[in-house]
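Read the structure below first, then the notes.
The values are calculated or read from the model by the stated rules, or taken from the named source; none is laboratory data. On a predicted model such as this, the values are computed, not experimentally measured, just so you know. Don't worry about glycine lacking a Cβ; one is built from the backbone with ideal geometry, like all the others, and counts go over all protein chains shown. Note: areas computed on protein heavy atoms with side chains; ligands, DNA, RNA excluded. Shrake-Rupley method; radii C 1.70, N 1.55, O 1.52, S 1.80 Å.
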Amino acid sequence: MARKKEIGKSKILNIAYKMVVKDGVESLTARSIAKAGHFSTQPLYLEFDSMDDLRQEVLRKIADNLKNKILQKSYIAEPLIDMDLSYIDFAQEQENLFKAMFVEGKCGNEIIADTLIDFGTEKFKEQYPDSKYSAEKIRSIIIANWITTCGIASLIVNKIATFSQTQIINVLKAQINDAILNDWLSKKSNVSLFKTEGKYS
């Protein structure tokens, strides 16, 4: 009978996820994960092709957690606004992870960005089911919305400003309405949520 694995992929990912929440993705090394889990580095190389592969898996776990848990709270029964408010709460409740992902940029990448854009698009369509906007138009609205939401969250987390929930909702609604009426962002603008090689793309 084959010996049961004691240190599997799921356990390693859970340990790595907790480390990222506390100290950011840069904290992930084979030795640091092994030390945190009280095992040798061998299981890591049996379960993952490389440390980069492990980091990508952790990012997918973060993205999945954002989409399916963290950003699913309900506040005012308006899906897009509820997503934004959930995100702002997340920034305050998990400050270290928020700063690593969205302020310091240590783990901001296409996995997270694509998840936020796709999820924002879903929420927009829930909130505006009768809209006939093109995919490009909706994308530009969602990017503008995330810029505003990230900005508010950063101001709060860095203790630069404080806002009541009513004030936040008013700003978000005004921004969404403006993005619907105007076309400030488009594919020609070449803008995304995360910085790549010194440029926004």
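Within segment 83-101, track down each residue that is surrounded by fewer than 22 Cβ atoms within 10 Å (Cβ to Cβ) and of a type in the set (Ser, Thr, Tyr).
Ser86
In segment 22-38, how many are farther than 18 Å from Ser50 by Cβ, open to solvent by 40 Å² or more (accessible area, probe 1.4 Å) and under 22 Å from the mean Cα position of the chain (by Cα)?
Count: 2.
Any idea which residue in segment 126-170 is surrounded by the fewest Cβ atoms within 10 Å (Cβ to Cβ), counting only those that are part of a helix (DSSP H, G or I) and of a type in the set (Lys, Arg)? Working first, answer last.
Step one: filter segment 126-170 for residues part of a helix (DSSP H, G or I), giving 126-127, 135-157, 165-170.
From what is left, the residues that are of a type in the set (Lys, Arg) are 137, 139.
On the way: Lys137: 16, Arg139: 21.
Taking the candidates together, the pick is Lys137.
Sort through Lys73, Lys22, Lys69, Lys18 and tell me the only one that's over 26 Å from Phe163 (Cβ atoms), of a type in the set (D, E, K, R) and free of Cβ contacts under 8 Å to residues at least 60 places away in the same chain.
Details: Lys73 fails: over 26 Å from Phe163 (Cβ atoms); Lys22 fails: free of Cβ contacts under 8 Å to residues at least 60 places away in the same chain; Lys69 fails: over 26 Å from Phe163 (Cβ atoms).
Result of the check over Lys73, Lys22, Lys69, Lys18: Lys18.
Kindly indicate which of Ser10, Ser40, Ser32 is of a type in the set (S, T, N, Q) and outside any helix (DSSP H, G or I).
Being of a type in the set (S, T, N, Q) and outside any helix (DSSP H, G or I) holds for just one of Ser10, Ser40, Ser32, which is Ser40.
Take Val171 and tell me if it is at pLDDT 95 or above, among the aliphatic types (A, V, I, L, M) and out of contact with any Leu (no Cβ under 6 Å at 6 or more places or on another chain). Talk me through it step by step, then tell me what you get.
Numbers: at pLDDT 95 or above: yes; among the aliphatic types (A, V, I, L, M): yes; out of contact with any Leu (no Cβ under 6 Å at 6 or more places or on another chain): yes.
Yes: the conditions hold for Val171.
Among the hydrophobic types (A, V, I, L, M, F, W, C) and in contact with a Pro (Cβ under 9 Å, 6 or more places away or on another chain) - does that describe any residue in segment 149-167?
Within segment 149-167, not a single residue is among the hydrophobic types (A, V, I, L, M, F, W, C) and in contact with a Pro (Cβ under 9 Å, 6 or more places away or on another chain).
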